[in-house]
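K.L.:
One structure, as structure tokens, below. Some questions next.
Any read-out appearing in this document is the output of simple, stated calculations on the displayed coordinates, not a laboratory observation. Predicted model only: the values in this text are computed from it and were never measured. Counting neighbours? That spans all protein chains shown, and the Cβs are built from the backbone with ideal geometry, glycine included.
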Amino acid sequence: MLVVIGLSIVLKLGSILAAMSLGVTITNVAGRRRQSAFELVEKFSPPIYVLFFVLAGAHLVLEEIAGWMIVMVAVYLVGRTTGKMLGSWLGATWSKAAEAVRRYLGFCLLSQAGVAIGLAIISSRLFEGQTGHAIIVIVMTTTFVVEILGPMFVKLGVRKAGEVGLNITEEELIATYKVGDVMDVRAPIITTGMSLREVIAVVSTTDRFYYSVVDGENKLAGGITLDSIRNTFATQELNDWLVALDIMEPVVAKGVPEMLLEEAFEETRRLDIEHLPIVASREDERFVGVLNCRAVHRSLSAEVLSRQQKADSVHRESVLRDGKDERGV
């Protein structure tokens, strides 16, 4: 990225266009490396964004804004908004896009930020005097206004189109949940004093692979897996004397209901476990449930699929409705 920007400066080309071209090239030529490349950029880009917008805001001196500039800002803002709304409607109409796109896409295009500000700063350097200053004032003031109102109109447009939350990935869905929202509160438990025969009786009536072991005060003491039960069969002569406390495994990790689901998944991946016992709080060791990672992933995948099917259904209904309108039905 630094090489591309450096070459654009040496060759006196637009650095913004060069950077955008680099992104397009990576996406279309090195598709498999796209995600890792963009993740790398995202790790160090936030401070640069902050510096960029602070530097851009420093160009806007309110005392230097003349009355005619305010008029131009108003005209530019009205013209830009009208152009966005009319242009998106005409484009969607001529391309026979869905009705929701024709009606509400314009609301989602009102925001304006980085590229416009960058081009304004570059343009102000090319023009001296009032022209360069006017460019900065008009673009910066307009950006300030649309960045406040733009997200509100985006939310309005997407909501009116009935597409809120439909286009979502499993990772985005995970970020919205806490452990308490998806943990299994009905998971069977085993007490430390249960004999092996009683433990097997509990296991035989359920389809679980992991069982939390609690003491007399319902505090988490350990866990029992099907493998740990299977290993005890090698000592047949001791089976009548064994209790749950003897065959349980120690707790390697535990969570609380307020824990973010993505943090819990990261912890289970790090420890290579599929079940995370959940206690009431960091101070209260009372057992309240189990996070079954595999079952939660299946549930989330089903929810993502359901939302995608709903989005496809909305699109199909819109296309059918548009087709009937064109036939005059």
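K.L.:
If amide H atoms are built 1.01 Å from N in the plane of the peptide, which residues on other chains or at least 5 residues away come under 5 Å of the amide H of K178?
P.N.:
L261
K.L.:
Also: So how strong a dipole does the stretch 2-162 carry about its Cα centre when Lys and Arg Cβ are +1 and Asp and Glu Cβ are -1, to the nearest 20 debye?
P.N.:
Around 800 debye, computed over the stretch 2-162.
K.L.:
Per residue of the stretch 168-183, in order, report the coupling 6.51 cos²θ - 1.76 cosθ + 1.60 (Karplus, θ = phi - 60°) as ³J(HN,Hα) in whole Hz, putting x for Gly and Pro.
P.N.:
For the stretch 168-183, the Karplus-derived couplings read 9, 9, 5, 5, 5, 5, 4, 5, 8, 10, 10, 4, x, 6, 10, 5 Hz, x marking Gly and Pro.
K.L.:
While we're on this one: Near T206, within a Cβ-to-Cβ distance under 15 Å, what is the net charge of the other residues, with Lys and Arg +1 and Asp and Glu -1?
P.N.:
-1
K.L.:
Using a Gaussian network model of the chain with C-alpha springs under 10 Å, which one of I273, I48, I70 is most mobile by mean-square fluctuation?
P.N.:
I48
K.L.:
Return the long-range amide H neighbours of V214 (sequence gap of 5 or more, or a different chain), with a cut-off of under 5 Å between placed amide H atoms.
P.N.:
I190, T191, T192, A221
K.L.:
What does the charge dipole of the chain about its Cα centre add up to, to the nearest 20 debye, if the Cβ of each Lys and Arg holds +1 and the Cβ of each Asp and Glu holds -1?
P.N.:
So the dipole magnitude of the chain works out to roughly 1800 debye.
K.L.:
Once Lys and Arg get +1 and Asp and Glu get -1 on their Cβ, which of F107, A161, S88 lies farthest toward the positive end of the dipole of the chain?
P.N.:
S88
K.L.:
Restricting to DSSP loop positions (anything but H, G, I, E, B) with no more than 14 other Cβ atoms inside 10 Å of their own Cβ, which GluC sites (Glu not before Pro) remain in the stretch 120-201?
P.N.:
Of the GluC sites (Glu not before Pro), the ones in loops of the stretch 120-201 whose Cβ has at most 14 other Cβ atoms within 10 Å are E128.
K.L.:
Would you grab the residues whose amide H sits under 5 Å from the one on V288? Only those 5+ places off in sequence or on another chain, please, with H modelled 1.01 Å from N.
P.N.:
Placed amide hydrogens put I278, V279, A280 under 5 Å from V288.
K.L.:
Sticking with this structure for a sec: Hey, in the GNM for the chain with a 10 angstrom Cα cutoff, which one of G216, G83, G180 fluctuates hardest?
P.N.:
In the Gaussian network model the winner is G216.
K.L.:
Shifting gears a bit: Any idea how many Lys pairs in the chain come in under 16 angstrom at the alpha carbon, given 8 or more places apart or on separate chains?
P.N.:
4
K.L.:
Also, I was wondering about something else. Using the Cβ atoms and a cut-off under 12 Å, what net charge is assigned to the surroundings of L86, where Lys and Arg are +1 and Asp and Glu are -1?
P.N.:
+3
K.L.:
So what is the relative contact order of the stretch 2-162, in percent, for Cα pairs below 8 Å that sit 6 or more residues apart?
P.N.:
RCO, the stretch 2-162: 23 percent.
K.L.:
Considering only K310, K160, K43, give the residue with the highest GNM mean-square fluctuation for the chain, with springs between Cα atoms whenever their separation is below 10 Å.
P.N.:
K43
K.L.:
Which whole-angstrom value gives the distance between the alpha carbon centres of the stretch 275-311 and the stretch 66-102?
P.N.:
Cα centroid of the stretch 275-311 versus Cα centroid of the stretch 66-102: 44 Å apart.
K.L.:
Output wanted: per-residue J couplings in Hz (rounded whole) for the stretch 212-222, from phi through Karplus 6.51 cos²θ - 1.76 cosθ + 1.60, θ = phi - 60°, x for Gly and Pro.
P.N.:
Once rounded to whole Hz, the list reads 7, 10, 10, 8, x, 9, 6, 8, 5, 10, x.
K.L.:
Can you give the calculated 222 nm mean residue ellipticity of the chain, where each DSSP H run of n ≥ 4 adds -39,500 (n - 2.57) and the sum is split over every residue, rounded to the nearest 500 deg cm²/dmol?
P.N.:
-20000 deg cm²/dmol
K.L.:
To test your reading of the geometry: what angle, between 0 and 90 degrees and rounded to tens, separates the Cα axis of helix 293-327 from the longest principal axis of the chain?
P.N.:
The angle comes out near 40 degrees.
K.L.:
If r is the Cβ-Cβ distance from R307 to Q35 and R0 is 22 Å, what FRET efficiency results, to the nearest 0.05?
P.N.:
Calculated transfer efficiency: 0.50.
K.L.:
Still on this model: With a cut-off of at most 12 other beta carbons within 10 Å, and DSSP calling the residue loop, which GluC sites (Glu not before Pro) in the stretch 244-284 qualify? Please list them.
P.N.:
Taking the stretch 244-284 and a limit of 12 other Cβ atoms within 10 Å, the loop GluC sites (Glu not before Pro) found are E258, E283.
K.L.:
Please report the antiparallel percentage of DSSP beta bridges with both residues in the chain, rounded to the nearest 5.
P.N.:
That works out to approximately 80 percent antiparallel.
K.L.:
Assuming a ≥ b ≥ c are the square roots of the Cα gyration tensor eigenvalues, decide whether the stretch 174-298 counts as rounded (a/c under 1.5), prolate (otherwise, with a/b larger than b/c) or oblate.
P.N.:
Here the stretch 174-298 falls in the prolate category.
K.L.:
Between helix 114-126 and the chain, what is the angle of the helix's C-alpha long axis to the longest principal axis, kept within 0 to 90° and rounded to the nearest 10?
P.N.:
Approximately 30 degrees, to the nearest 10.
K.L.:
For the chain, rounded, prolate or oblate, judged on the Cα gyration tensor with a ≥ b ≥ c (square roots of eigenvalues), a/c < 1.5 rounded, else prolate if a/b > b/c?
P.N.:
It comes out prolate by the Cα gyration axes.
K.L.:
Here is a further query. Looking at G132, V179, Q309, which one has the Cα that reaches farthest to the positive end of the dipole of the chain (charges on Cβ: Lys, Arg +1; Asp, Glu -1)?
P.N.:
G132
K.L.:
Could you list V279, V202 so that the one with the fewest beta carbons within 10 Å of its beta carbon is first and the one with the most is last?
P.N.:
V202, V279
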